[in-house]
Amino acid sequence: MGFSKEFKEFALRGSVVDLAVGVVIGAAFNGIVKSLVDDILTPAILTPALKAAHLTNLAELTVPGTAIKYGNFIAQIISFTLIAFVLFLVIKGINRMKKKEAEAPATIPEPTTEEKLLMEIRDALKK
C-alpha cells in the first residue's frame, strides 16, 4: 500500500474527522467560556474583594521588595476554578439531555413476515 493512499485512509477515517471537528468546536467553546469567566464571573466575584483591599487590579498584589506577583497566580486559580465549574454545568446539562433521550420508550419493531409465519406455525402446533 502506498504512503499517500495509507495517509488518505488515515486522514479520512471517521474518528479523525470527528476529532478535528471536536477540536474546532472546542476552540470556539473555549472563547465563550473564557469570556464568561473573564468578563462576567471573575469581575463580579473579585470587584468587592479588590475594593475591600483598596486595589484596582489583582496583579498589584506582590511580595514587597520582590518581583513575585502572587495576585496573578490567585487570578489564574480563580479563573481555572470558574472554568472547571462552567464546564461541569455544561456537561451536567448534556448528560441530562442524553438521559431524557435514553428514557424515551423504544418502539417495538413490527414482526417480519418470517416471524409472523413462525408464530402461526407455533400456534397451529399448540392446537
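The numbers here are math on the coordinates, done by the rules we state, and not lab data. In this text the structure is predicted, and so the values were computed from the model without any measurement.
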Review point. Taking H as built 1.01 Å from N, whose amide H comes closer than 5 Å to the amide H of residue 61, not counting residues under 5 places away?
Key: 71
**Study point:** Normalised per residue, the volume of the convex hull around the Cα set of the chain (Å³)
**Key:** 263
**Study point:** Among 117, 89, 61: highest mean-square fluctuation, GNM of the chain, C-alpha pairs under 10 Å
**Key:** 117
Practice item. Work out how far the C-alpha atoms of the stretch 67-113 reach from end to end along every principal axis, then list the three figures in whole Å, largest first. Key: 81, 15, 6
